[in-house]
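Below is one structure, written out as structure tokens; comments come after it.
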Amino acid sequence: MSRRLHIEVFRYNPLDPESKPHMQSFYVNEYDSMTLFIALNIIRDQHDPTLQFDFCCRAGICGSCGMVINGRPGLACHTQTKDLPEHIVLHPLPVFKLIGDLSVDTGVWFRDAGTRIEAWVHNDHDSFDPTQEEARMENALANEIFELDRCVECGCCIAACGTARMRTDFLGAASIARVARFYLDPRDERNVENYYEVIGNDQGVFGCMGLLACEDVCPKHIPLQDQLGIMRRMLALHSVKGILPKALIEKLAHKGCCHENHKS
Amino acid sequence: MQIFYTDLLCIGAGLAGERVAVEAAKAGFDATCLSIVPPRRSHSSAAQGGMQAALGNCVMGEGDSPDIHFEDTVKGSDWGCDQEVARIFADTAPIVMREVAHWGVPWNRVEHGPATYYKGGKPFEAAESKEKHGLIHARAFGGTAKWRTCYTADGTGRSVLNTLDSMCLRYNVNIHDRTQAEALIHDGENCIGAIVRCLRTGELMAYFATATLIATGGYGRIYKATTNAVICDGGGQIAALDTGIVPLGNMEAIQFHPTGTVPTDILVTEGCRGDGGTLLDVNEYRFMPDYEPEKAELASRDVVSRRMQEHMAKGHGVKSPYGDHLWLDIRHLGEKHITTKLREVYDICTSFLGVNPISDLIPVRPTQHYSMGGVRTNKDGAAYGLSGLFSAGEAACWDMHGFNRLGGNSLAETVVAGRYVGKKVVEFLKGHSVDFKQSALRDAHAKIEERIKRLSGSSGKESAIVLRDEMQDIMMDYVGIFRNGKDLQTAVDKLEELHARSMNIGLQGKAIGFNPEISLALRIPGMIKLAQCTAFGALQRTESRGAHTREDHPERNDKDWLNRTLAYWKDGDSLPTLKYEDASPYFEIPPGERGYGGGKIIHADIPAEKLHVPESNASDNAASAEDTK
Amino acid sequence: MNSSTITLHAPAKTKTQGRLDVLQMISGVLLILFLWAHMLLVSSVIIGPGVMNAIAWFFEETYMAQVGGPLIGLLIFVHFLLAARKMPWKTSESEAFIKHSVMMKHRDTWMWLAQVATALIILVMAFIHMWVVLTDLPITAVKSAARIQHGGWLPFYLVLLPIAESHVGIGFYRIGVKYGVITADNRNWYKRKEYALMGGFIVIGLITLVRFMYLPLYSGM
């Protein structure tokens, strides 16, 4: 029953001039409910204390441990070894800057993306009046916003994206879905024109080639491609305002998106 | 060595750290957050359930007020809290919930009309009012008289953290992630920054700051089985303790959460029970009403955890290869509720336990969860002992939780304290200019560099990994839910020995640049000290209060122990020095019965002048709660 | 936009990229519709050469073939130019993408690579096909059959047919994905339809080819 797992890990320390990228094999005895979090910690505790990888919450909530597991980006902490073959190959996520071994710099990447898309609710924050009750919102809309706020920025969708692999300036699904989150939110006072400025280009929505890998690997099962589609259609139609009939544009722009149900 | 200058240095970029940073940045100060991980990965993100605030919008929260919230909090703390602070908290919480709503938190909202809720596994109907439609909704949590926990499904921490992080972006807070503060820079009077290790390159850096905030969360990792993230190693508390002059408060007050899952120790939220989930034993019998007829599963966490442990000790636990456990039953809530409002729970159960909570029971047992203790601060969030040093959130012992905190109160504390302390930090920054003494920097830097050198040399024979495992085992075996003098003495003795061995750690492997082994090796001696503060404090406290339960002293002793432990660690000592201070400057609510948990109380004679709110405070606090900027 | 591309304090507002995207989509849709219609019309030979001849006669008599043909050629070229903006022309890009596809073992990712490859083949073959047909008007079933039977064109069409049909099939699906018509909920349904459509047209095309192969060239005319 119990297998002996052959875990092959990418090793490279960019700070060590002697270090060359290579694969290193480790052998670990499998046991019940074993996850890659447990397996990698056993490797570090018992075989090589210098092995670099990132874990934090170890519960699939924080998004630290994105890595390429047998070819597919995923979260190592919620990947159970029983779902994998005996031979497990681990690589760091591509696209992001390598820190060492399996550890990559997702934090700086997402911060940069967040700055580019101005990822905050644009309103007059100082207008908050502590004596007033909160602005009302439909619960259904709150749920829709939360659905996109569930993103943990693990970077799997970016690493799985062929476009992002080819073009380093592509914003990727997580960033565009983040814009979609603000687009949904009535508290954000930006209009379509403003959104067009941040993602209405080939680095944003128009760069997406519809490869669907983002959605297929998302560990939180966020419907990323749906959001990409909604944003692309909305912004594409915005670009041809005045060329195509207005009625047609309005009919198509909000189909399937929140603004169809909730008039903002 | 690279040296950074900033007005406010936040060590930790979870909810509390970011909230304070935002407050300072909004006031025009340069704020820098250090974080081991990118801020959105902070353990705040894992908080599922919600934040308590007496908004009283939902039908089951009707008539709620900060007064009732305050009362629940004081009872929850078993009268161990600072009532002045608990009052500030209860009064400010509703404002802060609205403020973060203004910034973008998608709180779940009231939907008017009839709704089906569950209590103790039984459905009931209640009609939400039309006037409240669209306002912030609330769910039930343990130890509360009203439904008052604001939530976004079961990802409250995630959504509030996202929002605060977006505000950091908006106000240009500097985020330096993958950094670990190793020591505070101070001259014995003022704290002026920190020595920080870069977790990308392994190099040491220095940060000079007018004000320094410790917001590093809890220290749950001194236990083997904990719901805490692997980064919750008490780094901030260690840095404070290592100064020798900043005390840690109530370190023995450790909370065990009733529903850590087996075997992974991952938490499933109290919201499960709040929304109507029940606890079952090996016979699938609902046992909690037998112990707590009034509150049942929704008594405070210390009580529920104790009852669960008690029930398992009677042989009613479910046997498993990972030890005994009980069942959490949320099946009756139905698929829609579980896959929307308890979606994270659903994900955790299916991907880590192989259990489908819609049709199966969830294996749970009490698991280390929260540190009520931490860097002792006054009500302004200023640490004792050093000017310019602040602390907020779980890292601090601001002390609104006393010896047990209510579910939903800690997540709320992060932003409520963050806002309140943030304003105090801004006042401090406005009134202070600091001399950045190079000599203080050199001293602090030399100490850390020396430690790293010693580790890398070949003399050390001890393994940091072995010491960590032994420490965690000691805490599990001797400083658990039920404690007694004999076990605690054993723990103290063993930890003393570990502490001595920790001076002699050597590295097993070599790596140029960043070496993860050094991170652990630098932390372990400090973690052993925190463990010792916990064990030694628990040994000395010969009473049972809140989460601190002594089998040999089962009564709550207000006569001798209505106080707070302050642990100092003098350089070169093998044990902390303990001092005590009054639990609260005054008692708006005099010590009494909690209404759950049972147990005997040895009453205290409290002088009459301490039994009411001083005039000056009443008006002060009211003003700060009103808070017109 | 990044620090190296901000050269003006206020970046010029331009809607070009959105418009190019719409144009790529519209040209794609038109070509898809054209190709499907074209296939159906040619396959009318299955019913009888007379039917096909009559249809051809109609298109030539109305000058739709003479004018429409080159226009379609132009449309193909424009569509190619627009789509080529996304193609991995740099070696580093194509290497990265191929490596990525191998790593991912993800069908939709591979399908994009197929789109790029088929696009290049179609670009060449479609122009040859159009040249040969349009420089030898009128179109008749017999002439087409002759090319298949004696002109050595059978292998040519056996390559072009599946390549063109899969390119438009995949393209159709991908437009749906990119513009949010195909969603997480209905993706599998659309995928099945796409395969059915692709397969259907290829089968019709093959039957048409078979019909041409066995069409008597001198039927007593």
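For chain B, DSSP calls about 65 percent of its internal beta bridges antiparallel.
The orientation-averaged shadow of the Cα convex hull for chain A, equal to a quarter of the hull surface, comes to 17.8 nm². Kindly flag which residue pairs out of B:119/B:341; B:224/B:494; B:319/B:494; A:82/B:224 have an alpha-carbon separation exceeding 22 Å in this structure. Pairs exceeding the cut-off: B:319/B:494; A:82/B:224. Evaluating 6.51 cos²θ - 1.76 cosθ + 1.60 at θ = phi - 60° for every residue in region A:4-9, the Karplus couplings come out as 9, 7, 9, 9, 9, 10 Hz, glycine and proline recorded as x.
Considering only DSSP beta bridges whose two residues both sit in region B:257-368, what percent are antiparallel, to the nearest 5? Intermediate results must be reported in sequence, preceding the final value.
On the way: 12 of 12 bridges.
Roughly 100 percent of the beta bridges in region B:257-368 run antiparallel, per DSSP.
Derived value for region A:117-253: Kirkwood hydrodynamic radius 16.1 Å. Basis is the mean of 1/r over every pair of different alpha-carbon atoms. Could you state the number of Å between the C-alpha centres of region B:381-408 and region A:195-230? A separation of 42 Å, based on Cα centres. The mean number of Cβ atoms from other chains found within 10 Å of a Cβ in peptide B:46-58 is 1, as a whole number. Taking the Kirkwood radius as Rh and the Cα radius of gyration as Rg, region C:140-190 has a ratio of Rg/Rh equal to 1.31.
Give the relative contact order (percent, whole number) for region B:257-368; include only Cα pairs under 8 Å separated by 6+ residues.
37 percent
For region C:54-153, the calculated P(r), taken from all Cα-Cα distances in 5 Å bins from zero up to the bin holding the longest distance, is 2, 11, 16, 16, 14, 11, 10, 9, 7, 4, 1 percent. Between the alpha-carbon centres of region C:19-48 and region B:222-271 there is a gap of 65 Å. Its Cα gyration tensor gives region A:4-104 an equivalent ellipsoid; the semi-axes, largest first and in whole Å, are 20, 16, 12.
Each stretch of four or more DSSP H residues adds -39500 (n - 2.57); spread over every residue of chain C, this sum gives -26000 deg cm²/dmol at 222 nm. Per-residue shielding of B:346-357, expressed as the average number of other chain Cβ atoms within 10 Å of the residue Cβ, stands at 3. Karplus-based coupling profile of region B:275-281, in residue order and whole Hz: 7, x, x, 10, 9, 10, 9, with θ = phi - 60° in 6.51 cos²θ - 1.76 cosθ + 1.60 and x standing for Gly or Pro. Applying a DSSP loop filter and a limit of 16 other Cβ atoms within 10 Å to the trypsin sites (Lys or Arg not before Pro) in region B:232-327 leaves B:319. The base-10 log of I(q)/I(0) for chain B, evaluated at q = 0.08, 0.09, 0.11 Å⁻¹, reads -0.53, -0.68, -1.04 [Debye formula, identical scatterers on Cα atoms, solvent excluded]. With the helix formula -39500 (n - 2.57) applied to DSSP H stretches of n ≥ 4, chain A reaches a computed 222 nm mean residue ellipticity of -9500 deg cm²/dmol.
With the highest mean first, a sort of the peptides A:200-210, B:450-460, B:514-524 on other beta-carbon atoms found within 10 angstrom per residue produces A:200-210, B:514-524, B:450-460.
The length gained on full extension between residue B:359 and residue B:119, counted as 0.36 nm times the residue separation minus their Cα-Cα distance, comes to 84.5 nm. Taking all Cα pairs closer than 8 Å and separated by 6 or more residues, the relative contact order of chain A comes to 16 percent.
How large is the helix-only mean residue ellipticity at 222 nm for chain B, computed as the sum of -39500 (n - 2.57) over DSSP H runs with n ≥ 4, divided by its residue count, in deg cm²/dmol to the nearest 500?
Dividing the helical sum by the residues of chain B leaves -10500 deg cm²/dmol.
Contact order for chain C, expressed relative to its length and based on alpha carbon pairs under 8 Å spaced 6+ residues apart, stands at 30 percent.
Counting only other chain Cβ atoms within 10 Å of each residue's Cβ, the peptide C:97-107 averages 6. Per residue, the convex hull spanned by the Cα atoms of the protein assembly as shown amounts to 191 cubic angstrom. Region C:85-137 and region A:1-53 have Cα centres lying 39 Å from one another.
Taking the Cα centre of region B:257-368 as origin and assigning +1 to Lys and Arg Cβ atoms and -1 to Asp and Glu Cβ atoms, the resulting dipole is close to 20 debye. At a 1.4 Å probe radius, carbon and sulfur cover how many percent of the accessible area of the protein assembly as shown? Carbon and sulfur: 57 percent of the exposed surface of the protein assembly as shown.
Net length available on complete extension from residue A:27 to residue A:247 is 72.8 nm, with 0.36 nm assigned per residue and the Cα-Cα distance removed. Overall, the protein assembly as shown carries a charge dipole of about 3700 debye about its Cα centre when +1 sits on the Cβ of Lys and Arg and -1 on the Cβ of Asp and Glu, all other atoms neutral. Each residue of region B:424-439 was assigned a 3J(HN,Hα) from its phi angle through the Karplus expression (A = 6.51, B = -1.76, C = 1.60, θ = phi - 60°), giving 5, 5, 4, 4, 4, 5, 5, x, 10, 10, 10, 8, 7, 6, 5, 5 Hz with x at Gly and Pro. Within region B:257-368, the ratio Rg/Rh, alpha carbon atoms throughout and Rh by Kirkwood, equals 0.93. Ordering B:440, B:38, C:177 by Cα displacement along the dipole of the protein assembly as shown toward the positive end leaves C:177 in first place; charges were set at the Cβ atoms of Lys, Arg (+1) and Asp, Glu (-1). For GluC sites (Glu not before Pro), the sites in region B:232-298 that DSSP calls loop and that have at most 11 other Cβ atoms within 10 Å are B:284, B:294. Applying both filters, DSSP loop and at most 10 other Cβ atoms within 10 Å, to the GluC sites (Glu not before Pro) of region B:108-161 gives B:131.
On the beta carbon distance between residue A:127 and residue A:16, with R0 = 35 Å, the FRET formula returns roughly 0.10.
For the protein assembly as shown, the solvent-accessible area with a 1.4 angstrom probe is 37 square angstrom per residue. Between residue B:387 and residue B:442, the FRET efficiency estimated from the beta carbon spacing at R0 = 22 angstrom works out to 0.60.
To the nearest 0.05, how large is the calculated FRET efficiency for residue C:188 and residue C:210 if R₀ is 41 Å and r is the Cβ-Cβ distance? According to the calculation, E is roughly 0.80.
Taking a straight line from the alpha carbon of residue B:570, these aspartates and glutamates sit under 20 Å away, with near neighbours fewer than eight places off in the same chain left out: B:182, B:187, B:189, B:242, B:252, B:443, B:450, B:493, B:496, B:497, B:581.
As a test, work out the antiparallel percent of DSSP beta bridges whose residues both lie in the protein assembly as shown, rounded to the nearest 5. Taking every DSSP beta bridge within the protein assembly as shown, about 65 percent pair in antiparallel fashion.
When the inverse distances between all different Cα atoms of region B:386-484 are averaged and flipped, the Kirkwood radius reads 18.3 angstrom.
For chain C, a Kirkwood hydrodynamic radius built from all Cα pairs, placed in the Stokes-Einstein relation at 25 °C and 0.890 mPa s, yields a translational diffusion coefficient of 124 µm²/s. Ignoring lysines fewer than eight residues from residue C:90 along the same chain, the ones with Cα atoms less than 29 angstrom from its Cα are A:20, A:97, C:13, C:15, C:99, C:105, C:178.
Going by the alpha-carbon gyration tensor, a ≥ b ≥ c the square roots of its eigenvalues, is region B:100-139 rounded (a/c under 1.5) or, if a/c is not under 1.5, prolate (a/b greater than b/c) versus oblate? Because a/c hits 1.5 or more and a/b fails to exceed b/c, region B:100-139 counts as oblate.
The values are calculated or read from the model by the stated rules, or taken from the named source; none is laboratory data. These numbers were taken from a predicted model, which means no experiment stands behind them. Every residue, glycine as well, gets a Cβ built from its backbone with ideal geometry; the counts of neighbours run over all protein chains shown. Heads up: the accessible areas ignore ligands, DNA and RNA and are worked out on the full protein's heavy atoms, side chains in. Shrake-Rupley method; radii C 1.70, N 1.55, O 1.52, S 1.80 Å.
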